[in-house]
There are 2 protein chains.
Amino acid sequence: MSLLTVGTVAFDAIETPFGKTDKIVGGAATYIAWSASFFSKKVNIVSVIGDDFDMNELALLRERGVDTEGIEIKAGKKSFFWSGKYHLDMNSRDTLITDLNVLLEFNPVIPDSYKESDILLLGNIDPHLQMQVIEQLPKRPKLVVMDTMNFWMTDAFIGKLKEVIQKIDVLAVNDAEARQLSGEYSLVKAAKKIMGMGPKYLIIKKGEHGALLFHSNEVFFAPALPLEEVFDPTGAGDTFAGGFCGYLDKSRDISFDNMKRAIIYGSAMASFCVEKFGTERIKNLTHKDIEDRVKDFIDLVQFDITLEDEE
Amino acid sequence: MSLLTVGTVAFDAIETPFGKTDKIVGGAATYIAWSASFFSKKVNIVSVIGDDFDMNELALLRERGVDTEGIEIKAGKKSFFWSGKYHLDMNSRDTLITDLNVLLEFNPVIPDSYKESDILLLGNIDPHLQMQVIEQLPKRPKLVVMDTMNFWMTDAFIGKLKEVIQKIDVLAVNDAEARQLSGEYSLVKAAKKIMGMGPKYLIIKKGEHGALLFHSNEVFFAPALPLEEVFDPTGAGDTFAGGFCGYLDKSRDISFDNMKRAIIYGSAMASFCVEKFGTERIKNLTHKDIEDRVKDFIDLVQFDITLEDEE
């Protein structure tokens with residue numbers, strides 16, 4: 001089984017109340033690939049970087065079974081760079097710098113060796129590029145998952161975004177984005193409207209408040225683990241999506257019940273991501289760490305009620 | 001088994017985006033008693049009202065096994081009246097009117113027939129009054145639970161509030177209040193600090209985001225049920241506390257594991273409360289309704305993961 005993802009591979013500079021970094025490696029596809037690599041046998045990345053990128057970072061990914069053939073390296077160009085500063089509550093941030101650089105001329109090309117991938121995860125990127133990826137695949141993957149954000153819900157992109165949404169199986173957005181996309185404040189109503197736009201499954205990410213998975217008339221709730229400190233939230237959503245898709249890929253089961261498990265694994269991966277800057281924590285995980293963390297999630301929500309009719 | 005509660009029995013006038021009410025019956029002890037009455041054999045209320053109160057409401061409570069002997073009726077005086085208007089998101093509200101009326105001269109007196117109550121639930125009220133109730137009990141109840149709010153965390157009350165907190169087993173506050181009381185943003189750190197002030201258990205209520213139960217180094221998370229509409233949040237926290245304590249009282253078990261179940265039952269009761277104005281919905285519940293709703297909570301969070309060591 002294999003997972004194909006498209007998204008940014010980039011540099012970030014991050015400031016949080018706990019400290020700040022110089023340029024470190026980031027980008028949605030980076031987080032997705034690291035996270036999924038703990039589950040998927042083969043993760044195929046499509047992205048673009050400049051020749052200023054730290055090529056050793058790609059070697060580290062390859063050691064984990066990530067295929068980087070689809071990462072185009074543009075000679076003489078600079079990699080995408082984002083810099084941001086988080087507020088005290090860590091739920092909001094200001095973007096300080098966005099240098100699109102190579103992203104301005106990104107034309108995703110899917111290598112032939114990627115074309116039979118079982119699961120496609122469209123990372124958060126311009127929906128025009130997400131559509132180009134879908135259109136290059138000779139046959140539809142078993143599951144198409146899309147992560148996106150409010151930036152693409154504006155006039156210049158919303159039309160294409162809705163076209164892509166029609167073609168996917170699972171959409172992942174946060175609660176504010178679900179409200180914006182649907183025009184509904186109630187998340188239950190928002191979910192119904194958004195599933196009416198195409199996807200059979202909707203994941204609503206609520207950060208420290210967990211995540212909801214909607215499907216037809218069913219809903220599943222996965223909590224976030226209460227943490228002593230959230231050190232750096234950057235990449236948590238991508239890490240979640242990578243763990244979710246990686247788990248589905250590994251277990252070869254895209255049923256609703258297995259998606260529940262996948263959401264717990266994705267949440268566990270995201271809970272590690274925020275413990276250190278950038279990819280530092282997820283780079284150093286063991287499978288034992290992950291299983292222990294999933295056990296924490298089980299303990300967190302497990303209760304034992306025997307229902308009885310009392311009237 | 002029996003439950004003793006102290007709190008307001010009052011009139012409310014409520015405006016939400018869905019409509020507004022004239023004076024309807026409200027008050028913390030009213031919601032607590034209605035909610036607990038589905039579990040406890042006997043709920044003992046200590047409160048104060050004016051002779052303007054709708055005495056038929058007390059009769060309705062008595063029909064459900066609620067003892068109203070401890071509700072003092074002040075002749076020629078008016079009942080406590082609160083009026084508020086909720087904002088569109090239902091998470092914030094403006095208080096329009098607070099007429100303390102009889103509450104200004106409330107001197108809680110515990111009838112002898114209440115003094116052997118097994119569980120004491122101190123509803124959200126001036127901590128000086130909460131302390132007076134504790135001091136009138138000849139022996140300590142098996143469990144003392146306290147609900148409070150940010151209003152009592154100000155200079156005039158915080159000293160007494162902390163004295164009461166020293167004497168209780170379970171404190172229930174919302175997330176903002178836990179942060180205010182502890183001076184910690186992280187809820188995990190806040191919980192440790194607050195448990196250091198006395199209570200062995202801390203419930204942090206997060207409204208639409210569920211509730212956390214902390215005890216020693218353990219934590220349990222109960223979700224809120226995603227609802228199509230929250231019609232009127234008034235009394236949801238009291239209804240939660242009443243269901244929580246009522247369930248513990250009925251099941252005669254105050255272990256951490258049983259508190260998890262009690263939090264699910266409390267959350268189920270609160271999810272009904274918000275469906276209509278005031279006490280309207282919880283007045284008309286059946287045990288079957290409650291069991292069905294608890295089943296919804298089980299379905300919402302239930303997943304099945306078999307852990308394995310993979311390395």
Taking amide hydrogens as modeled 1.01 Å from N in the peptide plane, which residues meet the under 5 Å criterion relative to A:VAL48, leaving out close sequence neighbours? A:VAL9, A:GLU72
First check a/c for the range A:38-97, with a ≥ b ≥ c the square roots of the eigenvalues of its C-alpha gyration tensor; if it is under 1.5, answer rounded, and if not, answer prolate when a/b is larger than b/c or oblate otherwise. oblate
So, in nm, how far is label A:LYS160 from label A:ASN107 when the simple model puts each one 7 Å beyond its Cα toward the Cβ? 1.4 nm
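What does the charge count around A:ASN44 come to, taking other residues whose C-beta lies under 9 Å from its C-beta (Lys +1, Arg +1, Asp -1, Glu -1)? Walk me through the intermediate numbers first.
Numbers: positive: A:LYS42; negative: A:ASP67, A:GLU69.
With Lys, Arg at +1 and Asp, Glu at -1, the net is -1.
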Mind grabbing the base-10 log of I(q)/I(0) for the protein assembly as shown at q = 0.07, 0.08, 0.09, 0.11 Å⁻¹? Debye formula, identical points on the C-alpha positions, no solvent, two decimal places. -0.48, -0.62, -0.75, -1.02
Once amide H atoms are placed 1.01 Å from N in the peptide plane, what residues at a sequence separation of 5 or more from B:GLY210, or on another chain, have their amide H within under 5 Å of its amide H? B:ALA224
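How much net charge surrounds A:ILE24 when only the other residues with a Cβ under 9 Å from the Cβ of A:ILE24 are counted, with Lys and Arg +1 and Asp and Glu -1?
On the way: positive: A:LYS23; negative: A:ASP12, A:ASP22, A:GLU280.
So the environment of A:ILE24 carries a net charge of -2.
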Could you work out the relative contact order of the range A:9-62, using alpha carbon pairs under 8 angstrom and six or more residues apart, expressed as a whole percent? 33 percent
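Working from the alpha-carbon coordinates of chain A, get Rg over Rh, Rh being the Kirkwood radius. Could you put the intermediate results ahead of the total?
Values: Rg = 18.7 Å, Rh = 19.6 Å.
Computed over Cα atoms, the ratio is 0.95.
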Expressed as a whole-number percentage, the relative contact order of the range B:89-218 with C-alpha contacts under 8 angstrom and at least six residues apart is 18 percent
Mean separation of Cα contacts under 8 Å (6+ apart) over length of chain A, as relative contact order %: 17 percent
Could you work out the mean count of beta carbons from other protein chains within 10 Å of each residue's beta carbon in B:295-303? 6
Residue-wise HN-Hα coupling along the range A:186-191, computed from phi with Karplus coefficients 6.51, -1.76, 1.60 (Hz; x: Gly, Pro): 5, 5, 5, 5, 4, 4
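For A:219-231, what's the mean count of beta carbons from other chains sitting within 10 Å of each residue's beta carbon?
Working: counts 6, 6, 12, 4, 9, 2, 3, 10, 4, 6, 4, 2, 0.
Mean partner-chain Cβ count within 10 Å for A:219-231: 5.
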Per-residue HN-Hα couplings for the range A:230-241 [Karplus 6.51, -1.76, 1.60; θ = phi - 60°; Hz; x = Gly/Pro]: 9, 7, 7, x, 4, x, 4, x, 5, 5, 4, 4
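Could you line up A:LEU104, B:LEU120, A:LEU225, B:LEU248 from fewest to most neighbouring Cβ atoms inside 10 Å?
Details: A:LEU104 10, B:LEU120 26, A:LEU225 20, B:LEU248 31.
Ranking A:LEU104, B:LEU120, A:LEU225, B:LEU248 by Cβ neighbours within 10 Å, fewest first, gives A:LEU104, A:LEU225, B:LEU120, B:LEU248.
Which FRET efficiency value, to the nearest 0.05, do you get for A:ASN150 and B:THR95 by plugging their Cβ-Cβ distance into 1/(1 + (r/R0)^6) with R0 = 51 Å?
On the way: r = 33 Å, r/R0 = 0.65.
After rounding, the FRET efficiency stands at 0.95.
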Can you check what the net charge comes to around A:SER113, using other residues whose Cβ is under 10 Å from the Cβ of A:SER113 (Lys, Arg +1; Asp, Glu -1)? -2
Taking every residue of B:261-268, the Cβ atoms of other protein chains inside 10 Å of its Cβ average out to 1
Just grab the label-to-label distance for A:ALA75 and B:ASP299, each label 7 Å out from Cα along the Cβ direction, in nm (one decimal). 6.1 nm
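Mind checking Rg over Rh on the range A:1-79, alpha carbons, Kirkwood formula for Rh?
Result: Rg/Rh = 1.00.
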Give a residue-ordered list of calculated ³J(HN,Hα) values for the range B:219-228 (Karplus: 6.51 cos²θ - 1.76 cosθ + 1.60, θ = phi - 60°; whole Hz; x for Gly, Pro). 9, 10, 10, 10, x, 8, 6, x, 10, 4
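For an R0 of 41 angstrom, estimate the FRET efficiency from the Cβ-Cβ distance between B:GLU218 and A:LYS200 and round to the nearest 0.05. Could the numbers behind the result be given before it?
On the way: r = 37 Å, r/R0 = 0.90.
E(calc), rounded to 0.05, equals 0.65.
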Proximal lysines relative to A:LYS283, as straight alpha-carbon distance under 25 Å, when same-chain residues fewer than 8 apart are discounted: A:LYS20, A:LYS23, A:LYS41, A:LYS42, A:LYS78, A:LYS85, A:LYS205, A:LYS206, A:LYS250, A:LYS260, A:LYS295
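Listing A:VAL109, B:VAL66, A:VAL294 from the residue with the fewest other Cβ atoms within 10 Å to the one with the most, what is the order? Please list the in-between numbers first.
Working: A:VAL109 13, B:VAL66 24, A:VAL294 19.
With the sparsest Cβ surroundings first, the list reads A:VAL109, A:VAL294, B:VAL66.
All of the numbers you see were taken from the coordinates with simple rules; none came from a lab. Only a predicted model underlies this, so the values are computations on that prediction, with no experimental measurement involved. Backbone-built Cβ (ideal geometry, glycine too); neighbour counts: all protein chains shown.
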